[in-house]
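Beneath this line is the structure, given in structure tokens, with notes to follow.
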Amino acid sequence: MASLSGPSAPLPAAVSRRSMSAPETVRLKPSPSPTETTSAGRYRRKDIVKEKEREERERRVEVALKIASKKAISVILRREATKAVIEKKRGPNNSKKLLPRTVLEALHERITALRWESALKVGQWRSKVFELLREQLWYRPNSSIYIKLIVMLGKCKQPEKAHALFLAMIDESCIVNHETYTALLSAYSRSGLFDKALSLLEKMKNTPDCQPDVHTYSILIKSCLQVVAFDKVQVLLSDMANQGIKPNTVTYNTLIDAYGKAKNQFAEMESTLFEMLREGKCEPDVWTMNSVLRAFGSSGQIETMEKCYEKFQGAGIEPNIKTFNILLDSYGKAEQYEKMSAVMEYMQKYHFSWTIVTYNVVIDAFGRAGDLKQMEYLFRLMRSERLKPSCVTLCSLVRAYGRAGKAEKIGNVLRFIENSYVMLDIVFFNCLVDAYGRLGCFAEMKGVLEMMEKKGCKPDKITYRTMIKAYKIGGMMSAAKELQALMRMAEETRLKMGKPDFR
């Protein structure tokens, strides 16, 4: 393994909360006369007491207002959850006098968590909390709030609602600038509506004070890369050059990461990195290093990965927890467990706390190696540290138990899921189907389809192909033919959905 050098500079010593300097010398004034002591001193003490009482009252009132405001928001939102109350009235009489900070924090929490389904009214574009915000007596239309909501809807792939908010923003006479257009453009491109996104880009070019910048182009480039539209990326890069806009570090990192994840694109990745270095103004950072290491590590080019790691460290780029997760994953999949142990020892030495990703990587590595005892120990340790297992964690457990022929252990995993709130996805169900198929548990394998239906998850072609393969190995040809017919129907449905429009 490439040598993992320590941090370039040790962490500073902990600073004591107590002051390090010597206390100032206090000069004593002459003692006051008895008259002053009995009159002025007494009034002074009364003033101090009254001041303290007043400050205490103000503090209590402020705390009470915050609590009351939060309770009012909770009551209003609970009442709005039922249709009968919505039609009757929207909340208590004082719902228009809530504290600004409380309402804005409630809105920010929903935006951060991308809770658009619970935050948006059915059939309308306005957020419940946002509607509550607009009803406040102190409210004034604010562009930044609209932009945050549009970005949230874009991340949730709700471009129509994002466009409705954009129009509402204009109706309220908010300032529409390049940030607003970029937010809407992001909503279109994230949903694959590239024709609308490119049309909006042209409109930005011809609108004063709304010219696209490097951030606008970087968002479009990233969306094109996610659907492997490399030809469109080159068109956008040429358009940037014509506009006199140069890529920044984020743009280069996006390109390097996408080329590294794609097949047969290592030459493009390396040329992009060299161009970044030649530019001079865009220096590689830890994101650049992680993308390059992931590209070579995931493809099994361990020696190249280690050489790149040494070069990046020589350039003064220090690793972070994601770097070590990439190294652990690469060594684990390459079955180089000694190097994996060296990385874990380094992390322990320099106090890098394990994340959910770290545990998932190491659990998967021990599962692939067939060391179920160590895998289960890490799973228990993970839970003891209050880290909630993810779908990736459960996939690793099921996959390992399936390979080891431990059907009863898979049952334990399913019982754990029943008592937890883990969101299951299609990848987990496919792992479950594969594990039961390997074990010849065809009844349990068929039962996975019923489980998927209850969870609202539709089988994909991998699900059907895995089951067909298991049935054929087990000699159940009629069941295999029945699933092949279902698979053809699913493929026809997929083709009707179409592809991203690049007109």
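The values are calculated or read from the model by the stated rules, or taken from the named source; none is laboratory data. Everything numeric here is computed off the predicted structure, so don't read it as measured data. Here the Cβ is made from the backbone with ideal geometry for all residues, glycine too, and neighbour counts use every protein chain on show. The accessibility values were calculated without ligands, DNA or RNA, using every heavy atom of the protein model including side chains. Shrake-Rupley method; radii C 1.70, N 1.55, O 1.52, S 1.80 Å.
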Which listed residue is without any contact (Cβ under 8 Å) to a residue 40 or more places away in the chain and crowded, with 21+ Cβ neighbours inside 10 Å, from Val250, Val292 | Val292
Consider Leu483 carefully, then state whether it is in a helix (DSSP H, G or I) and crowded, with 16+ Cβ neighbours inside 10 Å.
-> yes
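Let's see how each residue does on (1) among the acidic types (Asp, Glu); (2) at pLDDT below 80; (3) touching a helix residue (DSSP H, G or I) at 6+ places or on another chain (Cβ under 9 Å):
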{"residue": "Thr112", "(1), (2), (3)": "no, yes, yes"}
{"residue": "Ala119", "(1), (2), (3)": "no, yes, yes"}
{"residue": "Arg126", "(1), (2), (3)": "no, yes, yes"}
{"residue": "Leu137", "(1), (2), (3)": "no, yes, no"}
{"residue": "Ser143", "(1), (2), (3)": "no, no, yes"}
{"residue": "Lys157", "(1), (2), (3)": "no, no, yes"}
{"residue": "Glu172", "(1), (2), (3)": "yes, no, yes"}
{"residue": "Ile175", "(1), (2), (3)": "no, no, yes"}
Please tell me if Lys307 is surrounded by fewer than 14 Cβ atoms within 10 Å (Cβ to Cβ) and among the charged types (D, E, K, R).
-> yes
Odd one out for Ser173, checked against (1) on the phi < 0 side of the Ramachandran plot; (2) open to solvent by 70 Å² or more (accessible area, probe 1.4 Å) = (1)
Restricting to helices (runs of 4 or more DSSP H) lying wholly in region 325-422: which have 2 or more residues that are farther than 27 Å from Gly440 by Cα?
-> 337-349, 356-369, 372-384
Kindly list, by first and then second residue, each pair from a residue in region 332-344 that is farther than 14 Å from Ile363 by Cβ to a residue that is in a helix (DSSP H, G or I) and modelled with pLDDT of 95 or more, limited to pairs with Cβ atoms under 6 Å and residues at least 6 apart or on different chains.
-> Ala334/Ile302; Lys339/Tyr331; Val343/Phe324; Val343/Leu327; Val343/Leu328
Go through region 315-342 and give me each residue that's under 19 Å from Arg368 (Cβ atoms) and of a type in the set (Gly, Ala, Ser).
-> Ser330, Gly332, Ala334, Ser341, Ala342
Can you spot a residue in region 179-198 that is closer than 13 Å to Ser143 by Cβ, in a loop (DSSP other than H, G, I, E, B) and not acidic (Asp, Glu)?
-> no
Which one of Lys157, Lys222, Lys196, Lys205 is open to solvent by less than 50 Å² (accessible area, probe 1.4 Å) and of a type in the set (Lys, Arg)?
-> Lys205
Of the candidates Gly411, Gly402, Gly437, the one satisfying the condition of being without any contact (Cβ under 8 Å) to a residue 24 or more places away in the chain and either touching a Lys or Arg at 6+ places or on another chain (Cβ under 9 Å) or surrounded by fewer than 16 Cβ atoms within 10 Å (Cβ to Cβ) (or both) is Gly411
Going by the structure shown, is Phe379 open to solvent by 10 Å² or more (accessible area, probe 1.4 Å), modelled with pLDDT of 95 or more and of a type in the set (A, V, I, L, M, F, W, C)?
-> yes
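So that you can scan it fast, the table gives a plain yes or no per residue for (1) open to solvent by less than 20 Å² (accessible area, probe 1.4 Å); (2) free of Cβ contacts under 8 Å to residues at least 24 places away in the same chain:
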{"residue": "Ser191", "(1), (2)": "no, no"}
{"residue": "Asn242", "(1), (2)": "no, yes"}
{"residue": "Leu255", "(1), (2)": "yes, no"}
{"residue": "Phe266", "(1), (2)": "no, no"}
